[in-house]
Amino acid sequence: MSELSITLKDVGVQFDIGTAADGHTLKGFLANLKNRTPRQANVVEALRGLSLEVKAGERVGLIGHNGAGKSTLLKVMAGIYPPTSGRARTIGRVCPLFEFATGFEYNRSGWENIRIRAMLLGMQPDEIEAKLPEIASFSELGRFLDYPVRTYSTGMFVRLAFAVSTSVNPEILLLDEVMGAGDLAFTEKANVRMREFMEQGKILVFSSHSLDLLGEYCNRTVWMDHGRVIEDGPTNAIINAYKHHALGRPTSLPPNKTANSG
Amino acid sequence: MTPLRKLRRDQITALKNWRVWWHLGMADVRNRFAKSFVGPAWILLNLAMWVGGMGIIYGTLFQRPLDTYLPYLTIGFVCWGFLSQTIIDGGNAFVFAEGYIKQFTYPKQIYVLRVIVNASVPFAIGVVIFFIVTLAMGQRIGMGMLWALPGLALVLIVAYLHAFIMAYASARFRDLPHGMTALLQVLMFVTPIFFTVDTLKKSGLDFVYKYNPLYYLIELMRYPLTELKPAPVEVYVTAVLYMLIAALVALFIANRLDRRIVYIL
């Protein structure tokens, strides 16, 4: 098998929100007849001609404002969003860990959701049954695993999803702003697991607003804005430049302050 | 990679990972009857009530002897249920799986196959009930019924194609599942399920079944199971032709929409 890698060449992603907006309902259609305003093509460019190469062993952080395209970029890397222009190629077993509002069966128990998620991440049923106790104990959800997940808090979703995703032994781990939601004890556990993962020379791409976590996990950071790469380089240098830009303050902030630029 | 090559690769990956869609589909069945006292036995009760109620009324209305009419009605209704459920649920296959499609990298086809698994459970129970009704009515059971097996294979493939087309098209046109639900309600009373083709011929309404592909799909299994011999050649020819057309439509629509699904959900 070839070496793990992620290669993006001139990748563009456009969302056509015209199809989703109200112009496409009967109500909206009738309203438009009355107003007779010409309908514009409603296109959002989430990524514009973005090129990026990630090699085995690299741990890449993504920073940028909300809406800079970080999540979209991660989904392109995962193969979930096919680029609307350019080319994307990811070699390796990908394990995505994205938004938590979706992708759960709300009326089913935590156990059942673990099984389903593990299956969708490519685990075989016997493998899942063998790993269930370990996943359950890592999540520390205890008796809550017997309850339907609609009763869960955000932090509990994160525990469940993180426990499953990291147990599938991924080669490429894509994390989208997830570590923040767990409580202190869990974050500590998650850190340990992240370090184990990082020691195995696999690829990590991690988007976060927590500059602390970026500094801890990532040896390289990409600063994005408006779907483009602004700067790409060693984490420390990029974080400093980003802080300077985002906070409009000198870069000599205490290193353990977390910047939440929103 | 061209869209068609990607589709072929995805389809093969999806079929190989049968455990995933099998599990999802069976979990859907269990979930549908969660917290219900009677549970999946509702499938059985529901069918028994239909066949009992409709069978006696319509049998009398169409002046058909119940011993042949009840088995005929049961298997026709069961096949119809499978075909219509896969069409309607197919329309929601991608819409309901949005959370999965946007988070996991499996080919989308597993969510279509999940629909087929889900609908197969009442279908299988229904076929068992058909045999019970057939025995109870003192009708013959014989080797000729095995002709229903090639029919079943065709029905499964066509149902998959239906669900596939509906899944893609409904993600783009959200009115489609509503429209199909309305259309299928009408079609159920127009397709020969409660009455026979002879009744239609007598009234000069031949066109009602002749141009109705669902009639041929039902006949693929109903004819061998009630007549103990292969269905007329034109049934097979029409069904195979229809399958090929459905496959072409499915390819065409997936070729156009496959890359866009995740964006329009």
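Scanning the range B:36-46 turns up one or more residues that are within 14 Å of another protein chain (Cβ to nearest Cβ) and not hydrophobic (A, V, I, L, M, F, W, C). Which number in (1) more than 14 Å from chain A (Cβ to nearest Cβ); (2) under 19 Å from residue B:122 (Cβ atoms) marks the one condition that residue B:15 misses? In the conditions (1) more than 14 Å from chain A (Cβ to nearest Cβ); (2) under 19 Å from residue B:122 (Cβ atoms), residue B:15 misses (2) alone. The residue of the range B:60-80 that is farthest from residue A:77 (Cα to Cα), among those that are among the hydroxyl-bearing types (Ser, Thr, Tyr) and within 19 Å of the chain's Cα centre (by Cα), is B:72. What tally of residues in the range B:184-209 results from selecting those that are assigned to a helix (DSSP H, G or I), farther than 23 Å from residue B:111 by Cβ and either under 19 Å from the mean Cα position of the chain (by Cα) or among the aromatic types (Phe, Trp, Tyr) (or both)? Counting residues in the range B:184-209 that are assigned to a helix (DSSP H, G or I), farther than 23 Å from residue B:111 by Cβ and either under 19 Å from the mean Cα position of the chain (by Cα) or among the aromatic types (Phe, Trp, Tyr) (or both) gives 8.
Among the conditions (1) at positive phi; (2) surrounded by 20 or more Cβ atoms within 10 Å (Cβ to Cβ), residue A:122 misses just one, which is (2).
Does residue B:30 satisfy the criteria of being within 13 Å of another protein chain (Cβ to nearest Cβ), part of a helix (DSSP H, G or I) and free of Cβ contacts under 8 Å to residues at least 60 places away in the same chain? Step through it out loud before you land on a result.
On the way: within 13 Å of another protein chain (Cβ to nearest Cβ): yes; part of a helix (DSSP H, G or I): yes; free of Cβ contacts under 8 Å to residues at least 60 places away in the same chain: yes.
Criteria met by residue B:30.
Applying the criterion of being assigned to a helix (DSSP H, G or I), farther than 21 Å from residue B:25 by Cβ and in contact with a helix residue (DSSP H, G or I) (Cβ under 6 Å, 6 or more places away or on another chain) to the residues of the range B:116-144, the residue that is nearest to the other protein chains (Cβ to nearest Cβ) is B:130.
Checking B:113, B:83 one by one, the residue that is more than 10 Å from the chain's Cα centre (by Cα), at pLDDT 95 or above and either away from every other protein chain (no Cβ under 14 Å) or closer than 16 Å to residue B:157 by Cα (or both) is B:113 and no other. Candidates are the residues of the range B:62-98 that are in a helix (DSSP H, G or I) and among the charged types (D, E, K, R); the one that is surrounded by the fewest Cβ atoms within 10 Å (Cβ to Cβ) is B:67. For the range A:63-80, a residue qualifies if it is more than 17 Å from residue A:12 (Cα to Cα) and of a type in the set (A, V, I, L, M, F, W, C), and exactly one does: A:63.
The values are calculated or read from the model by the stated rules, or taken from the named source; none is laboratory data. These numbers were taken from a predicted model, which means no experiment stands behind them. Cβ sites come from the backbone with ideal geometry, for glycine too, and all protein chains shown count toward neighbours.
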